[in-house]
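The numbers here are math on the coordinates, done by the rules we state, and not lab data. Keep in mind that this is a model prediction, so the values were computed, not measured. Using ideal geometry, Cβ is built from the backbone for each residue, glycine included, and neighbour counts are taken over all protein chains shown.
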Amino acid sequence: MSDSAEQTPEEDLPETDEEWRERLTDEEYRILRERGTEARFSGEHVDRKDDGVYKCAGCGTVIFESETKYDSGCGWPSFYAADESTVTLEEDNRHGMSRVEVNCAVCDGHLGHVFQDGPEPTGERFCINSAVLDFEPDE
């Protein structure tokens, strides 16, 4: 796991690819910077039910609150809402699919994808890689 939990958003963000490689683990780099994904049901946050916040492993920005997490059965942590100021959404037509990619608004790291098959109140399912989230429990 990276030391990004100690970072504050936008503070000392890497400017070069080499600096990103130094900051992130190999898996974090592959997902955040190269738009990769982790294997289904392999991530540490898939079954997490603790109260707290989920932060971007690249920059420490709080992306999700635990109360928006739910079990979608898809194999990745799923959330029905994200703070719109902390994520950007982009059309993603790679791999012969039409999806909406979710990126961190601060460091532009790839987090996962959002689908329109989630629960109320939003109807959205943010399908996010565990490896790019640092969890901070409530005190």
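Miscellaneous remarks
- Listed from fewest to most Cβ neighbours within 10 Å, the set Ser66, Ser98 follows the order Ser98, Ser66.
- Contour excess over end-to-end distance, with Cα ends at Arg35 and Asp12 and 0.36 nm allotted per residue: 6.1 nm
- For Asp50 and Met97, the FRET efficiency from 1/(1 + (r/R0)^6), where r spans their Cβ atoms and R0 equals 30 Å, is about 0.40.
- Unmatched cysteines, the chain - criterion: no other Cβ of a Cys under 4.7 angstrom: Cys74, Cys127
- Loop-located GluC sites (Glu not before Pro) in region 59-93 (DSSP state not H, G, I, E or B) with no more than 15 neighbouring Cβ atoms inside 10 Å: Glu84.
- Hydrodynamic radius by Kirkwood, which averages 1/r over all alpha carbon pairs of region 4-137, in angstrom: 14.8 Å
- Selection from Leu111, Leu24, Ser42 lying farthest towards where the dipole of the chain points positive, charges on Cβ: Ser42
- Qualifying chymotrypsin sites (Phe, Trp or Tyr not before Pro) in region 29-111, DSSP loop, other Cβ atoms within 10 Å at most 13: Phe41
- Size of charge dipole - the chain - debye, nearest 20, with Cβ of Lys, Arg +1 and Asp, Glu -1, no other charges: 740 debye
- Contact order relative to length of region 4-137, as percent, for alpha carbon pairs under 8 angstrom and 6 or more apart: 29 percent
- For GluC sites (Glu not before Pro), the sites in region 10-53 that DSSP calls loop and that have at most 13 other Cβ atoms within 10 Å are Glu10, Glu11, Glu15, Glu34, Glu44.
- For region 23-38, putting each phi into the Karplus relation 6.51 cos²θ - 1.76 cosθ + 1.60 with θ = phi - 60° gives couplings of 6, 9, 5, 4, 5, 4, 4, 4, 7, 5, 9, 10, 6, x, 8, 9 Hz, in residue order, rounded to whole numbers and with x for Gly and Pro.
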